[in-house]
Amino acid sequence: RRMKCKLKRIFTLLIVFIWLLVLLSYFQAPKVQKNTILASSTLDETSYISKTKLSESEDPYHRHKFNQQISDELDSDRPIPDTRPPQCLEESYDKRVSSTSIIITFHNEARSALLRTIKSVLDRTPPRLLMEIILVDDFSANEKDGALLKDLPKIVLMRNDKREGLIRSRLKGVSVAKSSILTFLDSHCEVNVGWIEPLLAKVEQDPLAIASPVIDIIKTDTLEYKASSNYLKGGFDWNMHFIWEPLLEKEMKEQKADSTHPISTPVIAGGVFAVQKQWFNQLGQYDSLLEIWGAENFEISFKTWMCGGSLKIIPCSRVGHIFRKSHPYEFPLGNGHTYLMNVRRVAEVWMDRYKRIFYRARGGNMNEPLPRIKERRLIRERLKCRPFDWYLMEVYPELRVPNVDELAYGEIKQIYKGQSYCLSESKTSKVLAVKCIPKDKKMQWVMSVTGMIQNEKDKCLYASKKRKRISLKDCDNSDFNQHWKFMIRERLRHQATNLCIERKSDGSLLLARCENFSPQQKWSFTTKFLF
Ligand code: LR7
Ligand code: MN
């Protein structure tokens with residue numbers, strides 16, 4: 001009996017021991033990876049990011065123009081909200097679509113942001129669709145920003161031995177890409193669930209299409225991931241700045257009926273898109289003499305449409321992008337000069353006589369020679385591309401094409417204590433300064449070279465010498481009370497009285513003595529021509 005008792009005790013001990021072993025091995029086991037391709041990485045993320053962490057007194061926006069503090073604290077594989085329209089979840093894509101080479105160029109990117117971009121791709125791209133991630137380090141100050149990432153799965157790392165800018169860096173990536181489909185990404189993105197399938201499906205089924213996702217917003221200050229509107233497309237103003245355009249009413253209806261439907265866009269934002277390599281090559285890739293940043297999105301957009309292709313925004317594909325208020329890096333030849341030369345190269349090849357509208361808006365030296373521009377024109381001939389006229393009529397009919405006798409047009413806007421006020425015709429046919437509504441018809445004005453300021457209903461801004469109120473009258477060029485002059489420091493002067501338009505706090509407008517620095521007298525047009 002004693003024997004039996006002893007055996008029982010040994011037996012219990014043994015069970016406890018086994019239990020302990022099981023528990024121990026559970027805690028020691030490596031955490032299960034979400035995506036099997038990540039398992040082979042040897043990167044120590046914490047030390048990678050902490051090597052470039054902010055010093056105590058440093059402004060978190062100083063280096064990257066977004067909140068680096070918060071970026072560094074976020075998990076590299078943080079969850080983000082699925083921002084696709086619900087209808088997208090019912091879509092299915094051909095299982096046979098080809099894989100893609102993803103090209104990411106970067107120059108002095110925040111390590112945490114770059115890593116999150118790559119991890120989001122590895123986490124949310126089916127391995128069979130991901131051939132490789134080509135990282136092109138555009139001569140970042142710290143070589144290790146890129147070098148330490150080279151052991152992550154599927155990475156192909158390249159580095160420039162001098163600063164090339166994003167355009168030549170992307171071309172360098174393209175030159176080694178193994179897949180037949182290229183996908184470009186900025187270095188501070190987070191791709192969302194299901195992002196790649198609809199992009200690849202689109203360019204596979206329509207090889208002359210370029211497919212862009214909806215670009216969601218990762219906020220500058222909080223890095224919160226937010227859905228952006230499903231009802232926008234890309235466009236430009238005559239200063240050749242990229243803008244987001246609301247959809248036309250009939251396009252809106254189409255989207256509301258089927259929220260998975262690709263949206264035709266006159267221009268792509270430029271950073272995130274998929275394209276067949278063969279089509280990209282046929283189109284002459286990018287102009288390799290575009291420097292640093294800018295205008296390559298216009299080049300690829302204009303020629304894609306004009307040479308027989310199309311640009312689509314795919315609402316079921318979502319990619320977040322950190323938006324910043326200014327460039328976080330230097331332009332060796334200056335930001336303004338670089339952008340001007342880039343746009344000129346594109347305008348001289350693709351925009352025909354419409355390039356003059358840009359030149360009138362931009363001013364500056366338009367005579368600096370553009371090397372090797374002839375080669376770029378040959379592409380247009382070889383592909384027998386359509387004229388820019390056609391593009392404006394068929395692809396971007398909502399873009400207003402100004403006349404040569406216009407001095408300025410668009411909204412007449414004043415920014416006062418952070419609030420924007422625009423001149424607008426009121427219900428009782430008066431003019432008031434009210435909160436701006438972009439593209440609102442009542443707020444659109446055209447100023448002619450003779451100084452008349454006219455609205456869409458052919459009424460002109462008027463003031464009488466006696467009553468100092470601003471009102472509207474039928475336009476009459478011989479009425480001197482309808483003549484205005486745009487003065488330095490952006491004041492609008494009434495020619496008959498030499499007084500300036502001033503906004504009162506109730507929104508009414510009066511003529512007052514012109515003051516050099518009165519913010520209530522400062523007005524700007526959306527687009528203003530210099531000659
Ligand atoms: O000299 C440089 N070398 C680089 O490698 C300058 C930049 N870069 C890299 C940079 O690290 C980044 O990864 O190039 C990428 C794009 O540069 P950004 O992020 O400064 O550009 P952006 O987001 O301000 O601007 C948009 O327009 C550009 C015009 O040249 C490019 O097309 C960007 O890709 C494009 N970004 C997007 O379309 C994302 C959506 C934003 C919008 C609208
Ligand atoms: Mn960017």
For this session: Considering every residue within segment 459-481, establish whether at least one is closer than 30 Å to S264 by Cα, of a type outside the set (K, R), at pLDDT 95 or above and not assigned by the TED database to the domain that holds L247.
Result: no
Exercise. When residues of segment 147-171 are filtered for being of a type outside the set (D, E) and over 26 Å from T338 (Cα atoms), how many remain?
Worked result: 10
Exercise. Which members of segment 303-348 meet the condition of being more than 10 Å from ligand 1 (Cβ to nearest atom), within 17 Å of the chain's Cα centre (by Cα), aliphatic (A, V, I, L, M) and under 19 Å from F184 (Cβ atoms)?
Worked result: L311, I313, I314
For this session: Considering every residue within segment 488-507, establish whether at least one is of a type in the set (K, R), within 25 Å of N403 (Cβ to Cβ) and assigned by the TED database to the domain that holds S448.
Result: yes
Problem set entry | Those residues of segment 90-139 which are in contact with a Phe, Trp or Tyr (Cβ under 9 Å, 6 or more places away or on another chain) and part of a strand (DSSP E or B), in sequence order | I102, I103, I104, T105, L135, V136, D137
Problem set entry | Filtered residues of segment 248-305 (kept if small (G, A, S) and in contact with a strand residue (DSSP E or B) (Cβ under 7 Å, 6 or more places away or on another chain)) | S259, S264, A269, G271, A274, S301
For this session: May I ask you to list the residues in segment 87-106 that are in contact (Cβ under 8 Å) with a residue 40 or more places away in the chain and not aliphatic (A, V, I, L, M)?
Result: Q87, C88, E91, Y93, D94, S98, S99, T100, S101, T105, F106
Exercise. Has segment 101-119 got at least one residue that is of a type in the set (F, W, Y) and surrounded by fewer than 20 Cβ atoms within 10 Å (Cβ to Cβ)?
Worked result: no
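The values are calculated or read from the model by the stated rules, or taken from the named source; none is laboratory data. Predicted model, so just to flag it, every value in this text is computed and none were measured. Every residue, glycine as well, gets a Cβ built from its backbone with ideal geometry; the counts of neighbours run over all protein chains shown.
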